[in-house]
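Peer 1: What follows is a single structure, and I will ask about it in a moment.
The values are calculated or read from the model by the stated rules, or taken from the named source; none is laboratory data. Keep in mind that this is a model prediction, so the values were computed, not measured. Positions of Cβ are generated from backbone atoms using ideal geometry, with glycine treated the same way; all protein chains shown enter the neighbour counts. Heavy atoms of the whole protein, side chains included, go into the accessibility calculation; ligands, DNA and RNA do not. Shrake-Rupley method; radii C 1.70, N 1.55, O 1.52, S 1.80 Å.
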Protein chains: 2
Amino acid sequence: MRALSLEKNLQYQANHPDPRPGEGECLVRVRMAGICSTDLQLVLGYMQFRGILGHEFVGVVESGSANWLGKRVVCEINCVCRHCDMCLSGLANHCRKRTVLGIAGRDGCFADLVCVPEANLHEVPDVLTDEQAVFVEPVAAAYQTLSQYPFVAKTKATVVGSGRLGLLVTQVLAETGCKLTVVGRNAAKLLLAEKRGVQSVHVDDLICRADHDVVVDCTGSPEGFDLATRLVRPRGSIVLKSTFAGERGVNLAAVVVNEISVLGSRCGSFSDAIHALVREAVEVRPMITQTVPFDQAMDAMTAASQPKHLKILLDMRK
Amino acid sequence: MRALSLEKNLQYQANHPDPRPGEGECLVRVRMAGICSTDLQLVLGYMQFRGILGHEFVGVVESGSANWLGKRVVCEINCVCRHCDMCLSGLANHCRKRTVLGIAGRDGCFADLVCVPEANLHEVPDVLTDEQAVFVEPVAAAYQTLSQYPFVAKTKATVVGSGRLGLLVTQVLAETGCKLTVVGRNAAKLLLAEKRGVQSVHVDDLICRADHDVVVDCTGSPEGFDLATRLVRPRGSIVLKSTFAGERGVNLAAVVVNEISVLGSRCGSFSDAIHALVREAVEVRPMITQTVPFDQAMDAMTAASQPKHLKILLDMRK
């Protein structure tokens, strides 16, 4: 099969061996996959991952349990043991022995075929296109923000970062009716937020008054975190959705002095995400800036790091 | 009067002009003051503070409101406006216009005389010695930890850092009955915790299993924060009591991946602290490693940065 694999370097392989599903796993033929900032960070050394990249996809079950054969599916990325203290306490996404699709200890979905635990599958409603279904994983990550902070109508909230994840988080928060602003650098991306009825501000025009109840940092940069500490009010919260490779750190003095709560936030509910896409609470199609045949995946990875791009989809059907 | 002042450098001044109390302020004759890690950080450039250092003290009111004349007092360090959004929302310690005794915009207590708002004063019960009363401010800071995390008997908690603040936080947490460990480098300091019935571990003997519900970081170093992220369980909390000068930052990747809550924590309730000292829930006398006449304050500041020392008190009566 074809695969985009990270060894010493990133490689497109035309003849990667087909994977074989283990016990409780299905083999899924990938139809489309999305490139995420985490994929770019992995290439830069984050997590020291080696193997096939990719964790956002939609596909069709090709072998495995009869219940799932032929179904169009998306897949939760944390593959868990169900027996450790985390799994038994209801925090399976933090399983001590987990592997994570295309991120830690398990090949991902930038390939024609991928093996995944049957328990991780969600059937995709017919009303969703493949292009929409690819977004279930990042929309779920955006929904996790809601489970970590009680957004209400009077909440003064800002999303920092108008990239792939930032625009999804923005749409998810907009539905809560909170007083929402999104901050970014790219006028075209900010316009997408404005079209969803969310006020946007270019970072150069921003005045930091330390008066926001909660700031969601989706920038993936120390500078974004620093900006968040200047926007949030004393005793306010920063929901941190960014991970980044490298040694550059952040200064936490403001967190102590202003008694800010920094809430790390990762994966979320696939069910919430699927429902949001079905009822069009989250509109993802304007975020797709390119869809490329899979054999152009190397170029697509390069393009995905350019500021002009939002989501780039890899089409395995081509 | 005599004063220890931070200008370009730290200076002991034998003839500093006496301060004059403003409206609503009292003039307090300082009896004893304590050197805190924050004082050492200020000398290193933290907050770009200029003026008389010091914020932990006990003294006697020499002029001002008749209600307070002659009373032995301790003093809250945040001097606030009572009119801004923070003051009006009950978060006066985060007043937008605050000055902070010996830390920001206001001369501190390393001097014979200090001016402080009358509203900030607390009378010291006779049962407390001057040596104990000096600790009210840092004990209050330790108590703030309890207001930010719900410690109960089954809570698995660790204090990282067995220094001045770490040993106070350790004693405050011990009273909750939680499963408590303190981690440090200095055997003599860890022994003080053991004498209060708290299990201690030398950092070199520590095995990080990411299984603690909450870790309180009192180290004032990026390394301490890094250790806290490895001790705390997924979805656990780090209470961050450390501020430090300089550009060295921390890596927040583990905070995101493990969805850790980082809770900045600063000043706390003086009433709680006074009551704790009165009932000897917190025993501070063994933490005093030196008491020096005030004219040796420069040497005392140097000594305070040495690992062998815990609290060094400046005695203004000598």
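Peer 1: What's the buried accessible area, both sides, between B and A using a 1.4 Å probe, rounded to 100 Å²?
Peer 2: 3100
Peer 1: Could you give the size of the charge dipole of the protein assembly as shown about its Cα centre, using +1 on the Cβ of each K and R and -1 on the Cβ of each D and E, expressed in debye and rounded to the nearest 20?
Peer 2: Around 40 debye, computed over the protein assembly as shown.
Peer 1: What fraction, in whole percent, of alpha-carbon pairs in the range A:92-156 exceed 15 Å separation?
Peer 2: 70
Peer 1: Consider all pairwise Cα distances in the range A:231-282 and report the whole-number % of them above 18 Å.
Peer 2: 54
Peer 1: Sort shortest first the distances from A:Glu62 to its counterpart in every other copy, using label points 7 Å along the Cα-to-beta-carbon line, and give them in nm.
Peer 2: Label point to label point, same position, other copies: 8.7 nm.
Peer 1: Thinking of the range A:139-264 as a set of Cα atoms, what percent of all their pairs are more than 25 Å apart?
Peer 2: 14
Peer 1: Let me ask you something else. Mind checking the per residue accessible area of the protein assembly as shown for me, 1.4 Å probe, whole number of Å²?
Peer 2: 40
Peer 1: Quick one: work out the % antiparallel among DSSP beta bridges in the range A:139-264, nearest 5.
Peer 2: Bridges in the range A:139-264 that DSSP calls antiparallel: roughly 0 percent.
Peer 1: Over the Cα atoms of the protein assembly as shown, how large are the radius of gyration and the largest Cα-Cα distance (Dmax), in Å?
Peer 2: Cα-based Rg and Dmax for the protein assembly as shown come out at 28.0, 90 Å.
Peer 1: Hey, another quick one. What list of ³J(HN,Hα) values in whole Hz, one per residue of the range A:20-26 in order, does the Karplus curve 6.51 cos²θ - 1.76 cosθ + 1.60 (θ = phi - 60°) give from phi, with Gly and Pro shown as x?
Peer 2: Karplus values, whole Hz, x for Gly and Pro: 10, x, x, 5, x, 10, 10.
Peer 1: Can you sort A:His94, B:His16 by solvent-accessible area, 1.4 Å probe, largest first?
Peer 2: Greatest to least solvent exposure: B:His16, A:His94.
Peer 1: In nm, one decimal, shortest first: how far is the label point of A:Arg185 (7 Å from Cα along Cα to beta carbon) from the matching points in the other copies?
Peer 2: So the distances to the same position in the other copies read 3.8 nm.
Peer 1: Residue by residue through the range A:85-101, what is 3J(HN,Hα) from phi via Karplus (6.51 cos²θ - 1.76 cosθ + 1.60, θ = phi - 60°)? Round to whole Hz and write x for glycine and proline.
Peer 2: 4, 5, 4, 6, 9, x, 10, 4, 4, 10, 2, 5, 10, 5, 10, 10, 3
Peer 1: Mind listing, in residue-number order, the residues in the range A:54-94 that have at least 40 Å² less accessible area with every protein chain present than in their own chain alone (1.4 Å probe)?
Peer 2: A:Leu91, A:His94
Peer 1: So, with +1 on the Cβ of K and R and -1 on the Cβ of D and E, and no other charges, what is the size of the charge dipole of chain B about its Cα centre, to the nearest 20 debye?
Peer 2: Computed charge dipole of chain B: roughly 440 debye.
Peer 1: Another question, then. Once the Cα atoms of helix B:164-174 and of chain B are each reduced to a long axis, what angle between those two axes, in degrees from 0 to 90 to the nearest 10, is obtained?
Peer 2: 60
Peer 1: For the range A:1-156, just run the numbers: alpha carbon Rg, then divide by 2.2 N^0.38 Å, N being how many residues it has.
Peer 2: Dividing the Cα Rg of the range A:1-156 by 2.2 N^0.38 Å gives 1.08.
Peer 1: Can I ask one more? Can you find, among A:His202, A:Ala153, A:Pro234, the residue farthest towards the positive end of the dipole of the range A:139-264? Put +1 on the C-beta of Lys and Arg, -1 on that of Asp and Glu.
Peer 2: Sorting the options by dipole projection puts first A:Ala153.
Peer 1: Here is a follow-up. Every other copy gets compared here: list the nm distances from the B:Lys97 label point (7 Å along Cα to Cβ) to its counterparts, shortest first, one decimal.
Peer 2: Those label-point separations list as 6.2 nm.
Peer 1: Which residue is it, in chain A, whose C-beta lies closest to the A-to-B rotation axis, and what is that distance in whole Å?
Peer 2: Here the value is A:Gly249, 1.
Peer 1: Related question: Can you give me the solvent accessible area of A:Ser305 with a 1.4 Å probe, rounded to the nearest 10 Å²?
Peer 2: Only protein atoms counted, so the area is about 80 Å².
Peer 1: Dipole of the range A:82-171, Cα-centred, from +1 at each Lys and Arg C-beta and -1 at each Asp and Glu C-beta, to the nearest 20 debye?
Peer 2: 680
Peer 1: Would you mind giving the mean number of other chain beta-carbons within 10 Å of the Cβ of each residue in B:262-272, as a whole number?
Peer 2: The per-residue average across the peptide is 4.
Peer 1: How are the alpha carbon pair distances in chain B distributed across 20 Å bins from zero to the largest one, expressed in percent?
Peer 2: 33, 58, 9
Peer 1: For the range A:7-13, just list the computed ³J(HN,Hα) in residue order, Karplus coefficients 6.51, -1.76 and 1.60, θ = phi - 60°, integers in Hz, with x standing in for Gly and Pro.
Peer 2: Calculated HN-Hα couplings, in order: 10, 4, 10, 7, 9, 8, 10 Hz.
Peer 1: Right, something else. Run through all the Cα pairs of the range B:158-224 and give the fraction in each 5 Å bin from 0, expressed as whole percent.
Peer 2: 4, 19, 34, 28, 14, 2
Peer 1: Quick one: compute a quarter of the convex hull surface over the Cα atoms of the range B:205-264 and quote it in nm².
Peer 2: 3.9
Peer 1: Roughly what % of DSSP beta bridges within chain A run antiparallel, to the nearest 5?
Peer 2: For chain A, the DSSP antiparallel bridge percentage is about 55.
Peer 1: On to the next question. Give, ordered by residue number, each residue of the range B:223-240 whose 1.4 Å probe accessible area is reduced by a minimum of 50 Å² on adding the remaining protein chains to the chain alone.
Peer 2: B:Pro234, B:Arg235
Peer 1: The range B:1-92: D in µm²/s via Stokes-Einstein (Kirkwood Rh, Cα pairs, 25 °C, 0.890 mPa s)?
Peer 2: Translational D for this selection: 162 µm²/s.
Peer 1: Roughly to the nearest percent, how much of the accessible area of the range A:1-144 is carbon and sulfur, given a 1.4 Å probe?
Peer 2: 49
Peer 1: On a C-alpha basis, how far is the centre of the range B:23-84 from the centre of the range A:295-310 in Å? Whole number, if you could?
Peer 2: Taking the Cα centre of the range A:295-310 as reference, the centre of the range B:23-84 is 58 Å away.
Peer 1: Once the Cα atoms of helix B:222-231 and of chain B are each reduced to a long axis, what angle between those two axes, in degrees from 0 to 90 to the nearest 10, is obtained?
Peer 2: Value to nearest ten degrees: 40.
Peer 1: Next up: So how do A:81-88, A:221-228 stack up, highest first, on mean other-Cβ count within 10 Å?
Peer 2: A:221-228, A:81-88
Peer 1: What percent antiparallel are the DSSP beta bridges of the protein assembly as shown, to the nearest 5?
Peer 2: Of those bridges, close to 55 percent are antiparallel.
Peer 1: Please state the Cα pair-distance histogram of the range A:73-127 with 5 angstrom bins from zero: what percent is in each bin?
Peer 2: Whole-percent P(r) values from 0 Å outward: 5, 21, 24, 23, 15, 8, 4, 1.
Peer 1: Whole angstrom only: what separates the Cα centroid of the range A:213-290 from the Cα centroid of the range B:183-206?
Peer 2: Cα centroid to Cα centroid, the span is 37 Å.
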